[in-house]
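The values are calculated or read from the model by the stated rules, or taken from the named source; none is laboratory data. Predicted model, so just to flag it, every value in this text is computed and none were measured. Glycine gets a Cβ as well: all are built from the backbone with ideal geometry, and neighbour counts include every protein chain shown.
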Amino acid sequence: MAENQKVYTIKDDGGIGTVRIAEDVVCVIAGLAATEVKGVSAIAGNITNEMIPRKGAKGLAKGVRVTVADNKIKAEISVVIGYDCSVLEVCEGVQERVKSAIENMTGMEVTEINVKVAGVETAAEQ
């Protein structure tokens, strides 16, 4: 891992070693989970699920910020939603999906997921 990256220990039980995770990885997990929610057109920065194979998953981290304190995560994610979608339903779906993905993959508790709607994709753009 790069030296300037924030890295968090998610397991250190004195056994055979520790398990650490980079902040960018948590951001990518959140971004991937958000793009799976129906109604999310892209993560801020116009990264869509279809673009991940070409541009790489790291681009998803640009629209996500995480803060980790005492192995508890707070995340902020910026999304672009499709026109004619319920903003509230889409954002609640993002909150639930992102929380579940981060907790299942890292074992860390998620205490807060804030969703910012950065834009709406018009019918012509879809």
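Condition check: surrounded by 13 or more Cβ atoms within 10 Å (Cβ to Cβ) and either of a type in the set (Asp, Glu) or touching a Cys at 6+ places or on another chain (Cβ under 9 Å) (or both). Does residue 109 satisfy that? No; evaluated as a whole, the condition is false for this residue. Selection over the range 68-126 of residues that are part of a helix (DSSP H, G or I) and not basic (Lys, Arg) gives a count of 18. In the set (1) surrounded by 21 or more Cβ atoms within 10 Å (Cβ to Cβ); (2) part of a strand (DSSP E or B); (3) at pLDDT below 90, the condition left unmet by residue 10 is number (1).
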